[in-house]
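The values are calculated or read from the model by the stated rules, or taken from the named source; none is laboratory data. Keep in mind it's a predicted model, so treat the numbers as computed, not measured. Here the Cβ positions follow ideal geometry from the backbone for every residue, glycine too, while neighbour counts run over all protein chains shown. We work out accessible area using only protein heavy atoms, side chains counted, and drop any ligands, DNA or RNA first. Shrake-Rupley method; radii C 1.70, N 1.55, O 1.52, S 1.80 Å.
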Amino acid sequence: LLIFSPVCDIEVPERLSSSYEQLKYYHLVERCVHVPAREGSEEEILLVHRSETYFHHQHLEVAKSTQTMNEEELKRVSGNYDAFFFHPNTYRCARLAVGATLQLVDAVMSGKVCNGMALVRPPGHHSQRNAANGFCLFNNVAIAAEYAKLKYGLQRILIVDWDVHHGQGTQYVFEEDPSVLYFSWHRYEHQEFWPSLKESDYDAVGLGKGRGFNINLPWNKIGMGNSDYLAAFFHVLLPVAFEFDPELVLVSSGYDSGIGDPEGQMSATPEVFAHLTHFLMQLANGKLCVILEGGYHLKSLSESVCMTVKTLLGDPVPQITGEMAPCLSAVESIQNVRAAHKPYWKWLMYEGNFFLQPNGIEQESKMTNNDETVKVERFLELHMKNILFPVPPIKTATTDSKGSAHLLPVPIHLVKEMDKTEITALVSDFYADLVKEDKTLLSLGSMMAILDKILKKEVCNGIAESPTAAVSVAVALRHSVRFGFQRVLCIFVGDMQIIPNTEDGFSLLLKDAEGNDFFSAVLGFILPVAYSYQPNLTVIAVGPNRSLGISEISLLFALLQGLAESRILAVIEDTGINLMQSIAKVLVGASTPHFGVYVPPTQEKVNKIKILRDQFQQEWKMLQCSGESSI
């Protein structure tokens, strides 16, 4: 597609064909609905690339005219742009990229599919109203946002740009528009890295009515990895996104931010994109369109595309690898973004607001050569074998001790509970100190049957009713550790007498997280601690007298599915059918219910969580989001 310049050697057709081949290899293609591509119309392209100052639409006219040019003329026209090179077919390919993106938006908005991915080239996010730029002729994602606003009357669209370059084209289109929240992280190195713009820094927050709706997170060194990307989501993107409450999420999905890429030189491995995708699926009722941008290491690109699509299809998310500790440079950038946006977002209202002078570039940029490319290929070959696991044949299990399972709205697998003699034998050996009553024994029968299936990886997750949730959790914890699951995360919602845990396993106690500090507690504390801990199993107990609503509890379950290969045991003391139905829906993989109007946290709650963060961030490094304390 691109000629005349060695810069373009990387923008090759194999980017699409190798991604598609890899999707076929993992049998993902046959699980997707195929949406036919079409060319974007001129009207659609002019939604963004219209000229305010000319009578004719210069950008579109120039692009059109290149179809019949010879090599010399193409060279001359390309010379007017930064890092863009025309070929006679460029115009048609770019129109197909626009049309395919809009086809995906239509499929998602009409409810034909829940979500999807458009594998397109050329990419779009550098393209400006009147100029091609950086391999991009038309801005696919910006056109998609304008199209969705016009056709579906949307008032809030979130664009997440995880490509390693700044999508300055998208920023320019929407910087005065409060209906589009644009978030981009990008390699910046204090303005040394292309496109080397002042306005790619954290202090470019938007203009006029759009102030606060443009979020730039600059990476000032190379080598950023999984924990840096997750920290950016926990401490910047997700809290803003839940407050913004989008009706549609579009991803400018460049995989040049992944390992091995010659452009990005970052260290993030493919499974991180599964986690990022999983988080974004909890917004906008699951309406998510992922549109390909960059990505130039073919193996890294194709594996990352597969991780994204696998997650969109609802498969359990692989465990994240690498040390869960963001680097100092990432924490500095995160703190500066939070300080810059404090005036515009309620969730930041009571946060500290001082800026850090970032340190100089900590390492020289290294050029990636062929040896490096092959090395990463070999690494990824092994890495993917290590992290991918057979998906359990059954998603969600329960027992029907009370005959109410048929009221659960979704197909849930029923398992037979352990009989009393089996349970009594088990209990008298290991759990006699925990279990005193017959009634408890019976409810343990059903919980243990479900837990066993989860531990043997025959089912992914399960939901058990229990009159004494705390006892059930204590038994489950001990049983799992004996089974070989060394790290169990326990979360308690509501009032329960917690039984101290004498063996391995880690209990995180969530109590009193009211609606108004739910997001700061979950995103600012629980998720970072849980990701730092990396459990092999998550047990969530829901008891009485809780201040969390059903939709918040459901969202908590949904967010925690990113951990422990999505192995979750829910132990429910309150048998309200609405709660059971809601949790069952989330476990089976339905999209998260809407959580209602965002209520900002009180100062008191923010301070409480800050104290907790300061207390624990030495041990659980993902809590770090400001350079205030020593790291």
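Summary table below
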read-out: The stretch 590-614: number of residues that are aliphatic (A, V, I, L, M), part of a helix (DSSP H, G or I) and either in contact with a Gly (Cβ under 7 Å, 6 or more places away or on another chain) or without any contact (Cβ under 8 Å) to a residue 60 or more places away in the chain (or both); value: 2
read-out: Residue within the stretch 569-577 that is over 29 Å from GLY314 (Cα atoms) and in a helix (DSSP H, G or I) present; value: no
read-out: Top-ranked residue of the stretch 530-571 - restricted to ones that are among the charged types (D, E, K, R) and touching a Lys or Arg at 6+ places or on another chain (Cβ under 9 Å), ranked as most open to solvent (accessible area, probe 1.4 Å); value: ARG546
read-out: Residue check for ALA100: in contact (Cβ under 8 Å) with a residue 40 or more places away in the chain, over 14 Å from SER127 (Cβ atoms) and crowded, with 18+ Cβ neighbours inside 10 Å; value: yes
read-out: For PHE138: the one exception among (1) assigned to a loop (DSSP other than H, G, I, E, B); (2) in contact with a strand residue (DSSP E or B) (Cβ under 7 Å, 6 or more places away or on another chain); (3) within 20 Å of LEU60 (Cβ to Cβ); value: (2)
read-out: Pair list, Cβ under 9 Å, 6 or more apart: the stretch 60-71 residue closer than 11 Å to PHE86 by Cα, other residue open to solvent by 80 Å² or more (accessible area, probe 1.4 Å) and of a type outside the set (Gly, Ala, Ser); value: VAL62/ASN80; GLN67/ASN89; GLN67/ARG92; MET69/ARG76
read-out: Considering residues of the stretch 19-45 that are over 18 Å from CYS306 (Cβ atoms) and not in a loop (DSSP other than H, G, I, E, B) only, the residue most open to solvent (accessible area, probe 1.4 Å); value: GLU43
read-out: Candidate set from the stretch 537-566 (those that are touching a residue at least 60 places away in the same chain (Cβ under 8 Å) and assigned to a loop (DSSP other than H, G, I, E, B)); member that is nearest to the chain's Cα centre (by Cα); value: GLY562
read-out: Helices (runs of 4 or more DSSP H) enclosed by the stretch 202-312 - at least 2 residues per element that are closer than 30 Å to GLU21 by Cβ and more than 14 Å from the chain's Cα centre (by Cα); value: 298-312
read-out: Filter result for the condition that a residue is of a type outside the set (Lys, Arg) and under 18 Å from CYS490 (Cβ atoms), over SER446, SER466, SER428; value: SER466
read-out: Candidate set: the stretch 455-469, residues that are in a loop (DSSP other than H, G, I, E, B) and not β-branched (Val, Ile, Thr); chosen: the one farthest from PHE483 (Cα to Cα); value: PRO467
read-out: Where LYS149 falls short, out of the listed (1) open to solvent by 20 Å² or more (accessible area, probe 1.4 Å); (2) in contact (Cβ under 8 Å) with a residue 60 or more places away in the chain; value: (2)
read-out: Failed item, numbered, when MET580 is tested on (1) of a type outside the set (Phe, Trp, Tyr); (2) part of a helix (DSSP H, G or I); (3) open to solvent by 10 Å² or more (accessible area, probe 1.4 Å); value: (3)
read-out: Subset of the stretch 165-187 (residues that are in contact with a helix residue (DSSP H, G or I) (Cβ under 8 Å, 6 or more places away or on another chain) and open to solvent by 10 Å² or more (accessible area, probe 1.4 Å)); value: VAL173, GLU175, GLU176, ASP177, PRO178, SER179
read-out: Any chance VAL77 is of a type in the set (A, V, I, L, M, F, W, C), farther than 15 Å from HIS49 by Cβ and surrounded by 13 or more Cβ atoms within 10 Å (Cβ to Cβ); value: yes
read-out: Options ASP614, ASP574: the member that is modelled with pLDDT under 95, open to solvent by 20 Å² or more (accessible area, probe 1.4 Å) and out of contact with any strand residue (DSSP E or B) (no Cβ under 7 Å at 6 or more places or on another chain); value: ASP614
read-out: Residue selected from the stretch 105-116 under the condition open to solvent by 40 Å² or more (accessible area, probe 1.4 Å) and touching a residue at least 12 places away in the same chain (Cβ under 8 Å), by the criterion farthest from the chain's Cα centre (by Cα); value: LYS112
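Listed here are the residues, each with its yes/no results for (1) crowded, with 24+ Cβ neighbours inside 10 Å; (2) over 27 Å from ALA148 (Cα atoms); (3) at pLDDT 95 or above.
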residue: THR277; (1), (2), (3): yes, no, yes
residue: LEU298; (1), (2), (3): no, yes, yes
residue: SER302; (1), (2), (3): yes, yes, yes
residue: LEU313; (1), (2), (3): no, no, yes
residue: PRO326; (1), (2), (3): yes, yes, yes
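Residue-wise test of (1) within 24 Å of ALA325 (Cα to Cα); (2) of a type in the set (S, T, N, Q).
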| residue | (1), (2) |
| --- | --- |
| PHE244 | no, no |
| LEU248 | no, no |
| SER252 | no, yes |
| GLY260 | yes, no |
| GLY264 | yes, no |
| HIS278 | yes, no |
| ILE291 | no, no |
| LEU301 | no, no |
| ASP315 | no, no |
